[in-house]
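First up is the structure itself, then whatever we jot down about it.
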Amino acid sequence: MNILILEDEIPAQQKLEKYLLEYFEDEIYYDWARSISEGKKLLSENKYDFILSDIQLLDGISFDLFDEITINCPIIFCSAHDDYLFKAFNTNGIAYILKPYSKADFNKAIEKYQSLFNQGNYNKLNSDTISNLKSALQEENTSYKKRFVIKKTKGIQLLNVTDISLIEASGDFCIATDSSGKRHTISQTLGNIFQQLNPAKFFKINRSEIINIDFINNIESHFKNRLLITLQGVKEKPMTSTSITSEFRKWLEQ
């Protein structure tokens with residue numbers, strides 16, 4: 001198997017080399033380029049099964065190289081810049097691992113390559129696969145709130161949205177409860193917060209409460225077509241309003 005690594009940082013290149021050798025075990029061959037000019041020369045002289053590519057190279061971005069030379073093999077992008085994601089998938093991109101990535105992230109991307117391309121046969125990519133990649137990209141590329149800045153008596157704390165189990169309205173501000181049960185004050189209204197959250201993860205179950213689907217432990221029926229929800233880190237069980245229950249059930253099945 002012949003692989004091209006486009007990576008300007010030496011430690012990152014060494015990391016990719018290590019993961020490649022550990023994953024494939026069998027003998028593999030790879031070339032390494034740190035710049036567009038080096039990559040252009042290698043691509044004009046060699047054929048590769050796939051490319052591992054950073055976005056930022058020494059003399060520009062890798063997309064400039066791919067725009068100039070026709071690439072006939074899939075690309076796995078390895079970058080710290082998630083804002084390039086959309087353009088990555090307009091080339092031959094099949095996966096995008098965000099730095100600092102783990103060995104598990106790397107292995108998952110290689111497994112995806114093997115699954116989609118049957119050990120490097122790029123022609124195996126069909127319209128359904130392309131459609132699925134675009135759908136995944138649209139979801140991943142949508143910009144939603146990632147964290148809130150919380151003012152505490154001892155300073156400022158960052159609260160990651162992924163750690164929030166429940167958000168409750170409290171006048172002109174809100175109380176967010178994280179998965180460990182800690183409560184945090186957010187100086188925004190519930191409506192304003194809800195507009196910033198990923199609707200695939202968060203649902204407004206009544207006028208005053210938003211829940212995170214990732215922390216639902218149990219759901220039980222209640223009177224008047226309402227549902228009681230047990231959330232991780234939350235003592236009291238929030239309840240859906242009667243008018244929302246039907247929509248909530250549909251949302252759970254998406």
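Let me test this: with uniform point scatterers at the alpha carbons of the stretch 11-65, what is the Debye-based log₁₀ I(q)/I(0) at q = 0.25, 0.28 1/Å?
Debye intensities relative to I(0), on a log10 scale: -1.11, -1.24.
At 7 Å along the Cα-to-beta-carbon direction for both residue 253 and residue 111, put a label point, then send me their distance in nm to one decimal.
Placing both labels 7 Å beyond Cα along the Cβ direction yields 2.9 nm.
Report the full-extension gain for the segment residue 104 to residue 152: residue separation times 0.36 nm, less the Cα-Cα distance, to one decimal in nm. Each step should come with its number before you reach the end.
Numbers: separation 48, 0.36 × 48 = 17.28 nm, distance 3.56 nm.
Separation in residues times 0.36 nm, less the Cα-Cα distance, equals 13.7 nm.
Please compute the modelled spin-label separation between residue 56 and residue 242, points set 7 Å along Cα→Cβ, answer in nm with one decimal.
Output for this residue pair reads 5.7 nm.
Quick check on the stretch 169-211: take the gyration tensor over C-alpha atoms, sort the square-rooted eigenvalues as a ≥ b ≥ c, and tell me if it's rounded (a/c under 1.5), prolate or oblate.
On the way: a/c = 1.63, a/b = 1.09, b/c = 1.49.
Because a/c hits 1.5 or more and a/b fails to exceed b/c, the stretch 169-211 counts as oblate.
Would you mind telling me the share, in percent, of accessible area of the stretch 1-63 contributed by carbon and sulfur at probe 1.4 angstrom?
48 percent
Could you calculate the FRET efficiency of residue 223 with residue 188 from 1/(1 + (r/R0)^6), where r is the beta carbon distance between them and R0 is 35 Å, rounded to 0.05?
The value I calculate is 0.60.
Order these peptides, 50-62, 238-250, by their mean beta-carbon neighbour count within 10 angstrom, highest first.
50-62, 238-250
Taking H as built 1.01 Å from N, whose amide H comes closer than 5 Å to the amide H of residue 234, not counting residues under 5 places away?
Correct list: empty.
The values are calculated or read from the model by the stated rules, or taken from the named source; none is laboratory data. Quantities reported herein were computed from a predicted structural model and do not represent experimental measurements. Note that each Cβ is placed from the backbone with ideal geometry, even for glycine, and that neighbours are counted across all protein chains shown. When the accessible area is computed, the model is the full protein with side chains, heavy atoms only, and any ligands, DNA or RNA have been set aside. Shrake-Rupley method; radii C 1.70, N 1.55, O 1.52, S 1.80 Å.
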